[in-house]
Amino acid sequence: MKIARLTTQFVVMASALVTVSCCSQPAAQACTIMRFSNNGHLIVARNHDWMFGEGMIVVNQRRIRKTAISPVQPVSWTSKYGSVSFVQFGREIPFAGMNEVGLTVDLLQLNEAQFPKPTRGGKTVNVIQWVQYQLDTAKSVREVIASLDEVYPMPLLPSVERVHYFVTDQTGDVAVVEFVDGQPVVRYGTGTAQCALTNSTCTDCDRAYTTRDLRSSSERRYIQAVQAIEKADNNMSKEQQIDYAFKSLESVAQGDMTQWSLVYQPLERRIDFKTRVASQRRWIDLDDLSFEPNDKTLVLDVDANVGGNMKPHLVGYTSEANQKLIDFAFAQYLSPGLTRTAIKQLVLNYPGSLKVAEQTETP
């Protein structure tokens, strides 16, 4: 099977890539996310702070058979839900997204993250690909949490893939999932302090919230995000709430490092966004999209200089567009050489392994 060959090749090359990546890690990045709840209207607002902003929006179909890019017991699944995801390292490897039932999943850098060792039993999925796995298979925060008993994130590059996750759904549930000493730690709740996240552990966020002893830029942004949630006016219209969410993101922006600002509306299944390069607000409405498995995969350059509704501007996915994005991203992250070339080709080949599942197959 093609994907099995890809996974085997990843195992062979992973240790060499770790050595290379340790010498080429970018400066520490910073992201901020917050969830607002205003008279039943839910908004999730996220800044993506990163060394570059080039990226692609991908419309992902239902009933697509996939196998994880992972060196140890890769999980196989069939996508149950369609979704819209934001990628920078190629199709199927997103940093953020929302599915058609209003589940949002975002990852943020966490230097303290320590994922389970490969010797732990159970199925695995790549740390970044975990975002797409959850968008494909889960409709609620509770389902995401339950999946941790069966499938856990496994980094190919432990020195680089250090993140935690912020997950919300249409019921209003919120959870942070992070891994400390190889064990999952879940902060679950809808209190103000639980509805924001930056690049600090839950323990450090809780200390910062309780004591206001702020020891890092991340903790300062966390408190700013919490205060933005607390100050939100319950009498705002939906349009005013969207404006307020974007203004709140501006208050925690990190200059030219803030590449994207995303505002999800889980109940409306709509994503408003802008980027550093294309600063006009745009939106994509998931209810306007078709997620049928035999439909053409649609994509959009996240920095496309267009406004308004993005549906008319979506174009068919091509391997050439994917390669252009991957070439650029890998050039920012790894030094030239055989390792970068080989790993990049494996990521490029991955979309070719995706197949439409038969109607009788279970997710």
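Which of the residues belonging to region 200-232 are touching a residue at least 60 places away in the same chain (Cβ under 8 Å) and over 17 Å from Val44 (Cβ atoms)?
Ser200, Thr201, Ser217, Ser218
Which one is farthest from Ile271 (Cα to Cα), of the residues in region 164-180 that are in contact with a strand residue (DSSP E or B) (Cβ under 7 Å, 6 or more places away or on another chain) and β-branched (Val, Ile, Thr)?
This residue is Val177.
Output the qualifying pairs, or none if there are none: Cβ atoms under 6 angstrom, residues six or more apart or on different chains, first residue in region 250-269 and closer than 22 Å to Ala304 by Cβ, second residue of a type in the set (D, E, K, R) and buried (at least 24 other Cβ atoms within 10 Å of the Cβ).
The qualifying pairs are Met257/Asp49; Thr258/Asp49; Leu262/Arg46.
Consider Glu239 carefully, then state whether it is under 28 Å from Val302 (Cβ atoms), out of contact with any helix residue (DSSP H, G or I) (no Cβ under 7 Å at 6 or more places or on another chain), surrounded by fewer than 20 Cβ atoms within 10 Å (Cβ to Cβ) and free of Cβ contacts under 8 Å to residues at least 12 places away in the same chain.
The answer is yes for Glu239.
May I ask you to say which residue of Ser335, Ser290 is modelled with pLDDT of 95 or more, of a type in the set (Gly, Ala, Ser), part of a loop (DSSP other than H, G, I, E, B) and surrounded by fewer than 16 Cβ atoms within 10 Å (Cβ to Cβ)?
Ser290
Quick one: Ser159 ticks every box in (1) in contact (Cβ under 8 Å) with a residue 60 or more places away in the chain; (2) buried (at least 23 other Cβ atoms within 10 Å of the Cβ) bar one, so which box is it?
Condition not satisfied by Ser159: (2).
Working only within region 268-287, note down all residues that are under 19 Å from the mean Cα position of the chain (by Cα) and in a loop (DSSP other than H, G, I, E, B).
Arg269, Arg276
Among the strands (runs of 3 or more DSSP E) confined wholly to region 83-169, which include 3 or more residues that are modelled with pLDDT of 95 or more and not aliphatic (A, V, I, L, M)?
83-87, 94-99, 104-109, 163-168
What's the total number of residues in region 242-267 that are under 18 Å from the mean Cα position of the chain (by Cα), among the aliphatic types (A, V, I, L, M) and more than 15 Å from Phe86 (Cα to Cα)?
Count: 2.
Is it the case that Val347 is surrounded by 15 or more Cβ atoms within 10 Å (Cβ to Cβ), of a type in the set (Val, Ile, Thr) and part of a helix (DSSP H, G or I)?
So Val347 passes the test.
From (1) in contact with a Lys or Arg (Cβ under 9 Å, 6 or more places away or on another chain); (2) more than 21 Å from Ile93 (Cα to Cα), pick out the condition that doesn't hold for Phe166.
Exception for Phe166: condition (2).
Name the single residue, out of those in region 209-224 being out of contact with any strand residue (DSSP E or B) (no Cβ under 6 Å at 6 or more places or on another chain) and either part of a loop (DSSP other than H, G, I, E, B) or basic (Lys, Arg) (or both), that is surrounded by the most Cβ atoms within 10 Å (Cβ to Cβ).
Among those residues, the one meeting the criterion is Leu214.
Run Trp77 past the list (1) farther than 20 Å from Val167 by Cβ; (2) in contact (Cβ under 8 Å) with a residue 60 or more places away in the chain; (3) surrounded by fewer than 24 Cβ atoms within 10 Å (Cβ to Cβ) and report the number of the one that doesn't hold.
(1)
Tell me which residues, restricted to region 68-87, are in contact with a helix residue (DSSP H, G or I) (Cβ under 7 Å, 6 or more places away or on another chain), under 30 Å from Phe273 (Cα atoms) and not small (Gly, Ala, Ser).
Selection gives Ile69, Trp77, Lys80, Tyr81, Val84.
So, of the residues in region 167-193 that are touching a Cys at 6+ places or on another chain (Cβ under 9 Å) and of a type outside the set (Val, Ile, Thr), which turns out to be surrounded by the fewest Cβ atoms within 10 Å (Cβ to Cβ)?
Step by step, filter region 167-193, then rank; the result is Gly189.
Name the residues in region 38-68 that are of a type in the set (A, V, I, L, M), surrounded by fewer than 23 Cβ atoms within 10 Å (Cβ to Cβ) and over 30 Å from Val252 (Cα atoms), would you?
Ile64
Taking Thr190 as meeting all but one of (1) under 22 Å from Val87 (Cα atoms); (2) in contact with a Gly (Cβ under 9 Å, 6 or more places away or on another chain); (3) outside any strand (DSSP E or B), write down the number of the exception.
Tallying (1) under 22 Å from Val87 (Cα atoms); (2) in contact with a Gly (Cβ under 9 Å, 6 or more places away or on another chain); (3) outside any strand (DSSP E or B), Thr190 fails exactly one: (1).
The values are calculated or read from the model by the stated rules, or taken from the named source; none is laboratory data. These figures come from a predicted structure and were not determined experimentally. Ideal geometry is used to build each Cβ from the backbone, glycine not excepted, and the neighbour counts take in all protein chains shown.
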